[in-house]
């Protein structure tokens, strides 16, 4: 069972979205339990959730600030931005702040289900029209390629790899990381090797250097 919440100041949309999720649960074998989250009852609303769909534009609230707060208060909560905003700068900003996915409100049911499954598997997911917004035009200056590459690298990191990368950047050993994440030293070692492979480096020092250049730590 995936427990899903929806925060949107358009109450009709939020309720309709919850109904859609419930329908998808039976039609597409996606076992979910959904509810609308009221901003005046955030603490009780979020504490048992696995996944949150969050709008960016809310009455008297900044969705980006809420994203940052929720990620600090509920580190295991996955958050997918569901918004009419499709400005590249906005997309990059919220993904940098820890969003697990970004969908346009024009998304279809198939993409919605894919997003839920991918994000719950620890991946980062962007809707097809959102990906178009962050695709580099052929005439863009080369200085922007680092930003695009950083984003592509993040897109290929699993949630666990991102967590381990952050802990490595803090000087934690495999033993420390394993104890913190409740996994074995061997599992940490495998993730560390996978990170080095993805970053095409052969040492932890190189890994941290490239990760820093890509603005991932």
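The values are calculated or read from the model by the stated rules, or taken from the named source; none is laboratory data. These numbers come from a predicted model, not from an experiment. With ideal geometry, Cβ positions are generated from the backbone for all residues, glycine too; neighbour counts draw on all protein chains shown.
Do any residues in segment 190-207 that are in the same structural domain as residue 167 (by TED's automatic domain parsing) and free of Cβ contacts under 8 Å to residues at least 60 places away in the same chain have Cβ atoms under 8 Å from those of residues that are surrounded by 13 or more Cβ atoms within 10 Å (Cβ to Cβ) and not in a helix (DSSP H, G or I), where the two are at least six apart or on different chains, and which pairs are they? Taking only residues 6 or more apart or on different chains, the pairs are 195/157; 198/157; 207/201.
Of the helices (runs of 4 or more DSSP H) lying entirely inside segment 50-120, those containing at least 3 residues that are free of Cβ contacts under 8 Å to residues at least 12 places away in the same chain are 63-73. Among the candidates 107, 68, 114, the residue that is at pLDDT below 90 and out of contact with any helix residue (DSSP H, G or I) (no Cβ under 7 Å at 6 or more places or on another chain) is uniquely 114.
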